[in-house]
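The values are calculated or read from the model by the stated rules, or taken from the named source; none is laboratory data. The structure displayed is predicted, hence computed values, not measured ones. Methodologically, a virtual Cβ is constructed for each residue, glycine included, from the backbone with ideal geometry; neighbour enumeration extends over all protein chains shown. Ligands, DNA and RNA are stripped out before the accessible areas are found, and what is left, the full protein with its side chains, is counted by its heavy atoms. Shrake-Rupley method; radii C 1.70, N 1.55, O 1.52, S 1.80 Å.
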Amino acid sequence: MQLDSIRETYFAECVDQLAELETGLFTISSDGPDIETVNSVFRAVHSIKGGAGAFALDKLVSFAHVFENALDVIRNDLSQSSESRIDLLLRSADVLTDIVQAAKDDSEPVDFTEIAAELEKEFNLEAEPEEEEVAFDVVPISLDDLEIEVEENKNRFEISFAPKQELYLNGHDPQKIFRELMDLGECTITPDDSRVAGLERHDLANDHLSWTITLETTSLENEVQAVFEWVLDACELDIKEIETGSAADADFSIDDFLDDVSDLPEVEEDDPGLAPAPELDEGVSAIEAISEVAGIDDLSSGEALAGKPEAAPSPKAAETKEKPKTSKSIRVDSEKVDRLINLMGEMVISQSMLTLQVNEAGFASASPTGLALNELQTLTREIQSSVMSIRAQPIKPVFMRMSRVVREVCSATGKKAHLVLEGEHTEVDTTVIEGLSDPLTHMIRNSVDHGIESIEDRVAAGKPEAGEIKLVASHSSGKIVIEIHDDGGGINRDKVLSLAIDKGIVSPEAKLSDEEIDNLIFAPGFSTADEITDVSGRGVGMDVVRQSIQGLGGRVNISSIPGKGSVFTMSLPLTLAILDGMLVKTADQMFVIPVSSMIETIRLKSADVFQIGDQHMVFKLRNQLIPIVDVGPELGFADKRTQYDEGTVLVVESGNNSMSAFLVDSIVGQQQVVIKSMESNYARIPSIAAATILGNGRIALILDVEEIVSRKVREVPPQPVLDEIA
Amino acid sequence: MSENNVEKEEFIVFRVGQQEFCVEITMTREIRGWTQSTTLPHSPSFLMGVINLRGTILPIVNLAKRLGLPYEEPTERHVIIVVQVEDKTFGMLVDSVSDILDVGTENLRSVPELDTKIAEDFFNRVIVLEDRIICEIIPDKLMPDMESLAA
């Protein structure tokens, strides 16, 4: 049970680490390598490997190990980074993601031998790290010098090392550090027990051993320092280089030291006698596992655990070592946040009920009651916005996933493209982010598959070989706007139009503007690809994308310049929990119509209403005829109107750019409403998108404009094509 | 005797018109007074509509209508019994709650074979006491079939 939850945490952390990894590699590929990014990437892989070891996920460990070694090459020498190598690393990151996923699901692990071999080959991992540096050095002569130097120059260091309590609490073990030091060269380790009181007065928190270590090594000072890299914050460390001379006092081996420690009086007899704080000893391995799992990445012992010494971290790595970040974020079950948001909605409702009551009771707004109520209102609003901000997340993770999509489509189609992100820190409600992933994936695929031309065509058109897909996110008037730019061929309007005519989507006589033709690709059943490719799906085209965007309460449009590329623009609400609604009354019931779908409101005059055929009514608005949807009868709550002189018309636009005139008795007002699902206790009801609770505690239904319109359209026999596209 | 104590089940008994019905007490969540409901379009007539139960949308089944009994317009004296079936919660509109009963197996009978579809569909067992009989409702069956509704 316990292990399960730790395991769960590990995989949750993996997701973060993988995101870190991908972000890092992405930054390297776009901005070039810098040591901090490389380090963070390395740490991410290292942490994944470490945790995987704790859960005996062997496949994961072995791939992560190869990955880590490859990264180490770059970490040791940034000039080793190249475009093809980074690309390989990115692909490896994809594979790593798959392996982690497989491990999490306990499913058949992905076969990674191929990519692992590729990594080994590309980064010459068979070779010893030192030799490898040699192999890549362009000046062979200096190498010999270097080797000679390495052979002859032995440095001597005197290291004083006094761990603080954190070091043990974080699961580090001085013994492992000593082993690493011993791998560097001859070591003499002298414990200093002056700060350790006897057993009877032992204070676990403060009494620790410290050590003086003399090290004779070919390594440089910063390499020695690198051994302590992960524990720097948790110890007092002083490394002094001393003149090379004979190691006169080097008569103390680690074995002696270990014996020594076990002889110390405060150590319990049955303890093997390693750790200065014996009580911690048993816990150490457990703590190690946990701290790996918990993503504490300052753990050097992972390498020591792996058995043989890794290449000593390079000077560069040591120079810019980062302090372990103390994260101020907490991990909360999203259900708890949802519950909070629900309660917040309740509070908003109760508060408006209270306001109603207080006003009815005749309290003046300046009276103590009125003032207190005012205060409550302010608080409610503030709580509402902070609660909503809890769920707001940067859109970045979704964007990052798209870079994988681009890579996969590129390798499937033989095209070249790279992804550029802008505004990826824009925050959106998580519900929107979740819903966005699928349509975005589809659109990106589409952009690479259909938008970006083949390499030959691009070269012929004088463009760079690799296409560019740019994802831009921004806030704009209470919405989030996401744009997908590609610098491909743009939309072939003649082809789109003829295809649309072939498929009967538009009539041959219809005169369409360029923009209208572009937007035809969203029409149901439309697909421009000559053949259906694996990449962009089978027949489910952009209409599905448009539907899912509309399902999120958003809109999507395309604009295109032939030869230059296309831009898809999506605008989405910032949250799916609250909606800007127009409260209307008809058939003695209140309904909410999403403001996002409304264009204008007009007072109903019978002179503007005309009958077409036996029962279809249309509304004339500035020389345009708009079909009327009378909301009351449409929902079965009222009989058909006989008089069209009282009431209000709401002109609404549904997804396929067609307009409808919704007829209601009166408009009550515009307000933000909290969206409540009908499905949770009942079922989806035709024509109704969701429900909300009004200030008086009653429930109002939110109309599904899209569905009402399409239902209406289906009932109607094929209409003559108007100026609008169907 | 002690055997019977172990076997006892607890029911909440309520009145619809002249008859008494009951549900297992473990299925009920709460009992509350009637509040005005919001009618749903395209829904069966026995579904009164939905009410706000502390922020959740709670569908209400008019039990009298559902069982084909005569019914009157609900007033403030009517009662909603909130029941939970799996992960769905809904309310049953009844006239009043009359009793909470501990019933031993010796008083529980299976539903007699009747010539009515309703008995077969909605009743699980019958509690037979000295001077009254109480039909046990199967709440699962009260709500409209979700699939046919979506069609």
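Where helices (runs of 4 or more DSSP H) sit wholly within the stretch A:27-134, those with at least 1 residues that are over 25 Å from the mean Cα position of the chain (by Cα) and surrounded by 22 or more Cβ atoms within 10 Å (Cβ to Cβ) occupy A:35-54, A:58-76, A:113-122. Restricting the stretch B:83-106 to residues that are within 14 Å of chain A (Cβ to nearest Cβ) and among the charged types (D, E, K, R) leaves a set whose member that is least open to solvent (accessible area, probe 1.4 Å) is B:Lys88.
With respect to the conditions (1) on the phi > 0 side of the Ramachandran plot; (2) at pLDDT below 85, B:Gly49 lacks only one, and its number is (2).
When you check A:Glu468 against the structure, is it surrounded by fewer than 23 Cβ atoms within 10 Å (Cβ to Cβ) and part of a strand (DSSP E or B), yes or no?
When the stated conditions are applied, A:Glu468 passes them.
Of all positions in the stretch A:411-427, at least one carries a residue that is touching a Ser or Thr at 6+ places or on another chain (Cβ under 8 Å), part of a helix (DSSP H, G or I) and open to solvent by less than 60 Å² (accessible area, probe 1.4 Å). Within the stretch A:665-690, the set of residues being within 11 Å of another protein chain (Cβ to nearest Cβ), open to solvent by 20 Å² or more (accessible area, probe 1.4 Å) and among the small types (Gly, Ala, Ser) comprises A:Ser677, A:Ser680. All of B:Val23, B:Val50, B:Val13 fail the test of being surrounded by 15 or more Cβ atoms within 10 Å (Cβ to Cβ) and within 14 Å of another protein chain (Cβ to nearest Cβ), apart from B:Val50. Of all residues in the stretch A:324-374, those being of a type outside the set (Ser, Thr, Tyr), open to solvent by less than 80 Å² (accessible area, probe 1.4 Å) and within 14 Å of chain B (Cβ to nearest Cβ) number 12. A residue that is within 33 Å of the chain's Cα centre (by Cα), basic (Lys, Arg), within 30 Å of A:Gly345 (Cα to Cα) and in a strand (DSSP E or B) occurs somewhere in the stretch A:548-561.
Would you check if A:Phe662 is at pLDDT 80 or above, in contact with a Leu (Cβ under 6 Å, 6 or more places away or on another chain) and either open to solvent by less than 10 Å² (accessible area, probe 1.4 Å) or at the interface with chain B (Cβ under 10 Å from one of its Cβ atoms) (or both)? It is true that A:Phe662 is at pLDDT 80 or above, in contact with a Leu (Cβ under 6 Å, 6 or more places away or on another chain) and either open to solvent by less than 10 Å² (accessible area, probe 1.4 Å) or at the interface with chain B (Cβ under 10 Å from one of its Cβ atoms) (or both). Looking across the stretch A:428-450, just one residue is without any contact (Cβ under 8 Å) to a residue 40 or more places away in the chain and open to solvent by 40 Å² or more (accessible area, probe 1.4 Å), and that is A:Glu434.
Does the stretch B:134-143 contain at least one residue that is under 11 Å from the mean Cα position of the chain (by Cα), of a type in the set (D, E, K, R), part of a strand (DSSP E or B) and more than 9 Å from chain A (Cβ to nearest Cβ)? Checked against the condition, which is being under 11 Å from the mean Cα position of the chain (by Cα), of a type in the set (D, E, K, R), part of a strand (DSSP E or B) and more than 9 Å from chain A (Cβ to nearest Cβ), the stretch B:134-143 yields at least one hit.
Is it the case that A:Glu8 is without any contact (Cβ under 8 Å) to a residue 40 or more places away in the chain and not hydroxyl-bearing (Ser, Thr, Tyr)? Yes; evaluated as a whole, the condition is true for this residue. For A:Phe591, the test of being assigned by TED's automatic domain parsing to the domain that holds A:Val506, buried (at least 16 other Cβ atoms within 10 Å of the Cβ) and in a strand (DSSP E or B) is failed. Across the stretch A:364-400, the qualifying residues are those that are in a helix (DSSP H, G or I) and farther than 29 Å from A:Ile675 by Cα, and the one among them that is modelled with the lowest pLDDT is A:Met400. Kindly evaluate B:Asp115 against the criterion of being over 27 Å from A:Asn681 (Cβ atoms), part of a strand (DSSP E or B), away from chain A (no Cβ under 14 Å) and open to solvent by 10 Å² or more (accessible area, probe 1.4 Å). It is false that B:Asp115 is over 27 Å from A:Asn681 (Cβ atoms), part of a strand (DSSP E or B), away from chain A (no Cβ under 14 Å) and open to solvent by 10 Å² or more (accessible area, probe 1.4 Å).
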